[in-house]
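K.L.:
Next up is a structure, given as structure tokens.
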There are 6 protein chains.
Amino acid sequence: MKRIAIYPGSFDPITLGHVDIIERSSHIFDHVIVNLAINPAKTTLFNSKERKLMVEDAVKHISNVSVEAFDGLVVDFAKKRKASAIIRGLRAISDFEYEFQMALMNRSMAEDIDTVFLMPDERYTYLNSSIVRNVASFNGDIKNFVTNFVAQKLINKFKEEKAHELNR
Amino acid sequence: MKRIAIYPGSFDPITLGHVDIIERSSHIFDHVIVNLAINPAKTTLFNSKERKLMVEDAVKHISNVSVEAFDGLVVDFAKKRKASAIIRGLRAISDFEYEFQMALMNRSMAEDIDTVFLMPDERYTYLNSSIVRNVASFNGDIKNFVTNFVAQKLINKFKEEKAHELNR
Amino acid sequence: MKRIAIYPGSFDPITLGHVDIIERSSHIFDHVIVNLAINPAKTTLFNSKERKLMVEDAVKHISNVSVEAFDGLVVDFAKKRKASAIIRGLRAISDFEYEFQMALMNRSMAEDIDTVFLMPDERYTYLNSSIVRNVASFNGDIKNFVTNFVAQKLINKFKEEKAHELNR
Amino acid sequence: MKRIAIYPGSFDPITLGHVDIIERSSHIFDHVIVNLAINPAKTTLFNSKERKLMVEDAVKHISNVSVEAFDGLVVDFAKKRKASAIIRGLRAISDFEYEFQMALMNRSMAEDIDTVFLMPDERYTYLNSSIVRNVASFNGDIKNFVTNFVAQKLINKFKEEKAHELNR
Amino acid sequence: MKRIAIYPGSFDPITLGHVDIIERSSHIFDHVIVNLAINPAKTTLFNSKERKLMVEDAVKHISNVSVEAFDGLVVDFAKKRKASAIIRGLRAISDFEYEFQMALMNRSMAEDIDTVFLMPDERYTYLNSSIVRNVASFNGDIKNFVTNFVAQKLINKFKEEKAHELNR
Amino acid sequence: MKRIAIYPGSFDPITLGHVDIIERSSHIFDHVIVNLAINPAKTTLFNSKERKLMVEDAVKHISNVSVEAFDGLVVDFAKKRKASAIIRGLRAISDFEYEFQMALMNRSMAEDIDTVFLMPDERYTYLNSSIVRNVASFNGDIKNFVTNFVAQKLINKFKEEKAHELNR
């Protein structure tokens, strides 16, 4: 039986910390599906098409990983793909609490799907998409935090926004 | 002297975790007043009238509990009702920090009103209104988290919202 | 029906933080029993007779409080005294975790006895018996942390220990 | 060589907890620059001019402190002013996590600027600008939390808002 | 390639929380080796032979699990058995910190072995061997926390100890 | 006025994490005194003379740092040396709690001495003396965690201990 795991997230945008967790997962499971959450109620910097493109580019070097967008509950997606596990990265205490709540909630809805927590390289302990967006918005250097492809997309995005502001 | 306690919250909507804390409080105090916070600056899924109705339905089996809406500081409401304690549920570390800040702030404004922390059943450790709203919005199963009355209200609310979206 | 609560601890020795919690408890319950834990397996600075004497002196100004030593499980003592609650002070996150484990364990053994958490005055946030013993052992000033009676006992205890060391 | 430190923040508005940290910093460093963050993407109660005025008033009794607004990354401002340290107040665990992430991020962008954490007086443990705004919006007493100047500004601000609401 | 994981611990004694984690691990990996730590410098209630016997009894219903004692570093044992992962249960924040330190330390010594964190059933959140030993020492009811075999061993152990004390 | 800071600890033995904090402190203060705590009641692997030697070797490359042993309260030592600050490294939440308690306690005994918290390089987040001793006792590789001098001392120490055990 093939062991399939789901790695859900917004990936707005994907960081090197995410890529690190996906690489580790790919050693433990036969196949890993990165599950891009589409939540129309949540505002994101990049739209779902842009975010998917960046994830696909960032994981193209790992053979047993695929990417899918889904606009429902993670457990429903996991059941549909016959996954046995949901993967989450744990970096800090604040992650821990929220992740535990979500994991217990998911277990109450799908008893036989376990959440597996992995720890990224310590270089990525402090990294998350929100901090990356923040640094990029002030023209800070982000090349240690995201892939070149994502760095370029971020630079373009904030250039557009500024041009847009000037034209208002 | 009758010992009165206040249990404040937004209850958007009330969960079985809230009901569990109210039941425990009703054993310790002579009377418990559930204080529904009305904050016009805060957006809620249900309006205050709907929220009050759901709380009243959820606690109707407990004789020494009443429900009141109030649009001011909890300590001002507690003084008005001559309460000697404010009740808060503690589930997790993140609760702890925020709750402690609020409790110390309240104590600095009303020295003789103590905050009493109770622990819900561990089945409700992961439960909060925001997670319930999130699961319901994706048609997830919520019957283990809220009363039947609330479950029905949530289903109707999200049906309305989707109908509304389609008509736009 | 009289509402009785148990406040368990080693009290080696009792600090002003403990006294603060006992005073707060005495406003919420009809009677509070300070339950001095006797655990022969645990080494203490003061023996159980000395510890009881210091607790009794520290609470003699509160009418509805009594002190009892017990060498068993807290829940067994609580059942014996028909208590409806166990009181615990919460000062910091590290307390929180341990206290929650104990509270859940106790609930699993005595379902109808709830643990009630209270917050001491913020002056006592950093205070515990172990830090007090440590400061006293180096002749540090402890008058803001314990009653005069306890301070004297601590000074005598460490004087004895040093005399004892010199005579070896 | 003069040792310069930066104390960054939104100060919306400055609280007595902030002032406490600035005073402590002024004993450790030769000069402290309060760095008022201007982030056009973030909504604040007071505009940057009002916030700067309140900070200036609150620190006017400390000789080696100045105030500057800046709309970029803190590390860029620190480099520009040849500062060797960034100062942050630590009150609680939730601070800790976020502050550590920011400090590691800043270190990755400016290796030779260290973040120095100081602890405010315990009276200010529970204090932050958001709680102060909240209490003031309900006409709660805030004189223990902010300077008289800030208290007056808050009262005026919420009076304006209410007048504005009535006129709509 | 067979995926092997190590589950290290003292198991003094094994609890139902440990068994829960072992069961979950057995679904994710091809083979799980429970690694009983033998540390001559650490005092345990049960000797290593007794502890191994109790673990073996507790996991005899799971086909892909074996038990081995080892008196060295976990990473050295993992390398010897060609394991690709070390499994740890995460129940609470205090676990989290210690476990992260150990996981980072282990990674620094064996880069290609990842630590995989799993979450036990919430019924076991509060459970650890130390609390079980404590409750058993006071004749408390432990049947919800350990297997029948372990419960019997604990009862016998404390009976022996008391007989021993009386004979001194 | 010269700014003097105290960096207290047991240093049993000093790690590269400690050295990192001392280096950072030496940039902020005019002089840093490493205060080796001598507590006769506490068992250490190395005696105070050995520990002092290892600290002195580890900081010999930093000009404004000296080392002194002291068997009393840190605040008393700080007063004696006219220090204006006590330095502590913060790596993790568990540090945070304990450090805050100690810092508040110290402030209550010496109001004008502030505790300054610094963050070590993230490579040392997981490092402490106890883990180093543990790894060394099992012949694990410790060259990334301590200086060569300390590594040699640890290897000798555990060789001695094993020889001693065999001769018993």
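K.L.:
The range F:45-126: which GluC sites (Glu not before Pro) are DSSP loop and have at most 10 other beta-carbon atoms within 10 angstrom?
P.N.:
Filter output for the range F:45-126: F:GLU111.
K.L.:
Here is a follow-up. If you put +1 on each Lys and Arg Cβ and -1 on each Asp and Glu Cβ, how big is the dipole of the protein assembly as shown around its Cα centre, in Debye rounded to 20?
P.N.:
0 debye
K.L.:
Further, regarding this structure: List the pairs from A:LYS2/E:LYS80; D:LYS49/D:LYS153; B:LYS52/B:LYS153; B:LYS79/D:LYS162; A:LYS2/A:LYS82; B:LYS2/B:LYS82 whose alpha-carbon separation is above 18 Å, in the order I gave them.
P.N.:
A:LYS2/E:LYS80; B:LYS79/D:LYS162
K.L.:
Identify which of E:PHE77, E:PHE158, E:PHE145 has the largest mean-square fluctuation in a Gaussian network model of chain E, with springs joining Cα atoms closer than 10 Å.
P.N.:
Highest fluctuation among the options: E:PHE158.
K.L.:
How far apart are the D:ASP71 label points across copies, placing each 7 Å from Cα toward Cβ, in nm, shortest first?
P.N.:
Nearest first, the other copies' label points are 3.6, 3.6, 6.4, 7.0, 7.4 nm away.
K.L.:
When only DSSP loop residues count, what trypsin sites (Lys or Arg not before Pro) in the range D:1-34 have their Cβ near at most 11 other Cβ atoms within 10 Å?
P.N.:
D:LYS2
K.L.:
Once you charge only the Cβ atoms, +1 for Lys and Arg and -1 for Asp and Glu, what is the size of the charge dipole of chain B about its Cα centre, to the nearest 20 debye?
P.N.:
Details: 23 positive and 22 negative charges, 81 e Å.
Using Cβ point charges on Lys, Arg, Asp and Glu, chain B gives about 380 debye.
K.L.:
Hey, can you grab everything whose amide H is under 5 Å from the amide H of D:ALA69? Only 5+ residues off in sequence or another chain; H modelled, so Pro and N-termini drop out.
P.N.:
Counting only residues 5 or more places away or on other chains, the set is D:LEU36.
K.L.:
Sticking with this one: Could you give log10 I(q)/I(0) at q = 0.13, 0.18, 0.19 Å⁻¹ for the range F:49-128, computed by the Debye formula over C-alpha point scatterers of equal weight, without solvent?
P.N.:
-0.51, -0.98, -1.07
K.L.:
Counting only other residues whose beta carbon sits under 12 Å from that of C:LYS82, what net charge do I get with K and R as +1, D and E as -1?
P.N.:
Values: positive: C:LYS2, C:ARG3, C:LYS79, C:LYS80, C:ARG81; negative: C:ASP30, C:ASP112.
After counting each charged neighbour, the total is +3.
K.L.:
Moving on. Roll a 1.4 Å probe over the protein chains and send me the accessible area per residue for the range E:4-126 in Å².
P.N.:
38 Å²
K.L.:
Could you state how much accessible area is buried at the B-D interface, both sides summed, with a 1.4 Å probe, in Å² to the nearest 100?
P.N.:
On the way: alone 10090 and 10100 Å², together 19020 Å².
Its buried surface, counting both partners, is about 1200 Å².
K.L.:
I'd like the antiparallel share, as a percent to the nearest 5, of DSSP beta bridges with both residues in the protein assembly as shown.
P.N.:
Antiparallel bridges: around 5 percent, rounded to the nearest 5.
K.L.:
Return, for the Cα atoms of the protein assembly as shown, the radius of gyration and Dmax in Å, separated by a comma.
P.N.:
Answer for the protein assembly as shown, Rg first and Dmax second: 29.2, 93 Å.
K.L.:
Rounded to the nearest 0.05, what FRET efficiency is calculated for E:ARG123 and B:GLN152 with R0 set to 25 Å and r the Cβ-Cβ distance?
P.N.:
0.25
K.L.:
Let me ask something else about it. Given R₀ = 56 Å, FRET efficiency for F:ILE62-C:ASN39 by Cβ-Cβ distance, to 0.05?
P.N.:
0.75
K.L.:
Using a 1.4 Å probe on the protein heavy atoms, what percent of the accessible area of the range B:73-154 belongs to carbon and sulfur?
P.N.:
So the carbon and sulfur contribution to the accessible surface is 46 percent.
K.L.:
Now for a different question. Rounded to whole Hz and in sequence order, give me ³J(HN,Hα) for the range B:133-148 from the Karplus expression 6.51 cos²θ - 1.76 cosθ + 1.60, θ = phi - 60°, writing x for Gly and Pro.
P.N.:
4, 4, 5, 4, 5, 9, 6, x, 7, 10, 5, 7, 10, 9, 5, 4
K.L.:
Could you state, as a whole-number percent, how many of the C-alpha pairs of chain A are farther apart than 25 Å?
P.N.:
The proportion of pairs with Cα distances above 25 Å equals 32 percent.
K.L.:
Report, please, the projected area of the range C:27-90 averaged over directions, based on the convex hull of its C-alpha atoms, in nm².
P.N.:
Its average projected convex-hull area is 5.1 nm².
K.L.:
Here's something else I'd like to know. So how tilted is helix C:48-59 from the main axis of chain C? Cα-based, degrees 0 to 90, rounded to 10.
P.N.:
70 degrees
K.L.:
Starting from the amide H of E:ASN139, placed 1.01 Å from N in the peptide plane, find each other amide H under 5 Å away whose residue is 5 or more places distant or on another chain.
P.N.:
none
K.L.:
A follow-up question, please. Ratio of Rg to Rh for the range D:77-168, alpha carbon only, Kirkwood?
P.N.:
Looking at the range D:77-168, the ratio lands at 1.13.
K.L.:
Going by alpha carbons, how many degrees (0 to 90, nearest 10) lie between the helix axis of F:16-28 and the longest principal axis of chain F?
P.N.:
Between helix and principal axis, roughly 20 degrees.
K.L.:
Suppose each label sits 7 Å from its Cα in the direction of the beta carbon; what would the E:GLU50-A:GLU161 distance come out to in nanometres?
P.N.:
Modelled inter-label distance: 6.3 nm.
K.L.:
Measure nothing fancy, just the Cα-based angle from helix E:93-109's long axis to the longest principal axis of chain E, in degrees from 0 to 90, nearest 10.
P.N.:
Taking Cα atoms only, the helix is inclined about 50 degrees.
K.L.:
Give the Cα extents of the range C:116-168 along the principal axes, in whole Å, largest first.
P.N.:
Computed over the Cα atoms, the extents are 47, 19, 18 Å.
K.L.:
Would you mind working out the magnitude of the charge dipole of the range F:16-63 relative to its Cα centre, with +1 at each Lys and Arg C-beta and -1 at each Asp and Glu C-beta, to the nearest 20 Debye?
P.N.:
It works out to roughly 220 debye.
K.L.:
In whole percent, what relative contact order does chain F give with Cα contacts below 8 Å and a gap of six or more residues?
P.N.:
28 percent
The values are calculated or read from the model by the stated rules, or taken from the named source; none is laboratory data. Here the structure is a predicted model, which is why all the values come from computation and not from measurement. Here the Cβ is made from the backbone with ideal geometry for all residues, glycine too, and neighbour counts use every protein chain on show. To get the accessible areas, we keep the full protein, side chains included, count just its heavy atoms, and leave off ligands, DNA and RNA. Shrake-Rupley method; radii C 1.70, N 1.55, O 1.52, S 1.80 Å.
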